[in-house]
Amino acid sequence: MKFSKGLITLLVVLGAVLLVFLWAKNAFNSMVTKEEGVTSAWAQVENVYQRRADLIPNLVATVKGYAAHEQETLEGVVNARAKATQTTIDPTNLTEESLKQFQAAQGELGSALQRLMVVVERYPDLKANQSFLELQAQLEGTENRITVERQKFNETARAYNTYIRQFPKNILSGIFGFERKAYFEAVQGAEEAPKVEF
């Protein structure tokens, strides 16, 4: 059985088109899977930040019972919490700018909590209160979870960013609109050790 040159050429072209299609389909599906992984990791980051925000009203109420005249510090914590919970990011638009705004709001809340803990040092009865100790332990655990989830998010975003930037997948990612995701970065000045003065 003889095949004509035209038929052989057609079969070769169809085979090449089929291979390119299968490669593109697999690459696209992998990009979708990795992008969903970034979205999922971001949801976990938001989840642990929300847990911290949920603990704060109880913490403030407990401190208020012992240190009612520390109103300015307590209001600072409440206001920082309100700002932090209002700052949200659409996971499909994780740009460096939006992530910096989110980080800044969460950083303000962290600073307000640190100021509150300094105030607590002046009240030995409060430091011995079982409810306060439990809230403090939960808050410390949540801060650890935040660190872990941020690290997982960065790892997932790095894997996604690397995948979409590799040649020739970068061509497909450009065609289908897969964009680079931002990372959590250390807060400016975090590289310097804090000065402790007695």
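Were the residues from residue 11 through residue 143 laid out at 0.36 nm apart, the gain over their Cα-Cα distance would be 41.5 nm.
Considering only 157, 130, 65, the residue lying farthest towards the positive end of the dipole of the chain is 157, judged by Cα position with unit charges set on Cβ.
The calculated FRET efficiency for the pair residue 28 and residue 101, based on their C-beta separation and a Förster distance of 45 Å, comes to about 0.90.
Grab the Cα-Cα distance for residue 39 and residue 158, subtract it from 0.36 nm times how many residues apart they are, and report the gain in nm with one decimal. All intermediate terms of the calculation are to be shown ahead of the outcome.
Values: separation 119, 0.36 × 119 = 42.84 nm, distance 1.28 nm.
Using 0.36 nm per residue and subtracting the Cα-Cα distance, I get 41.6 nm.
Estimated from helices alone, the mean residue ellipticity of the chain at 222 nm is -27000 deg cm²/dmol (sum of -39500 (n - 2.57) over DSSP H runs with n ≥ 4, per residue).
Note on region 42-176: the alpha carbon radius of gyration divided by the globular reference 2.2 N^0.38 Å gives 1.33. Counting Lys and Arg as +1 and Asp and Glu as -1 over every other residue whose Cβ lies under 14 Å from the Cβ of residue 43, the net charge comes to 0. Using a cut-off of 13 Å between beta-carbons, work out the net charge of the residues near residue 96 (Lys and Arg +1, Asp and Glu -1, residue 96 not included). In short, 0. Screening the chain for DSSP H helices whose Cα atoms reach 24 Å or more along their own axis and whose mean Kyte hydropathy is at least 0.5 gives 5-66.
Provide 98, 4, 173 in ascending order of the number of other Cβ atoms located within 10 Å of each residue's Cβ, fewest first.
Working: 98 15, 4 8, 173 22.
Taking fewest neighbouring Cβ atoms as first place, the list is 4, 98, 173.
When 163, 49 are arranged by Cβ crowding within 10 Å, least crowded first, meaning fewest neighbours, the order is 163, 49.
Among 83, 5, a tally of other beta-carbon atoms within 10 Å of each Cβ gives an order, fewest to most, of 5, 83.
Too long at a 22 Å Cα-Cα cut-off: which of 5/25; 83/127; 25/169; 34/152; 34/169; 64/100? Intermediate values should be presented prior to the final figure.
Details: 5/25 30 Å; 83/127 27 Å; 25/169 11 Å; 34/152 13 Å; 34/169 13 Å; 64/100 32 Å.
Beyond 22 Å: 5/25; 83/127; 64/100.
Among residues other than residue 161 whose Cβ falls under 10 Å from its Cβ, what is the net charge (Lys/Arg +1, Asp/Glu -1)? Around residue 161, the surrounding residues sum to +4.
Laboratory data are not the source of any read-out in this text; all were calculated from the coordinates shown. Keep in mind that what you see is a predicted model, and the values were worked out from it rather than measured. We place every Cβ from the backbone using ideal geometry, glycine too, and count neighbours over all the protein chains shown.
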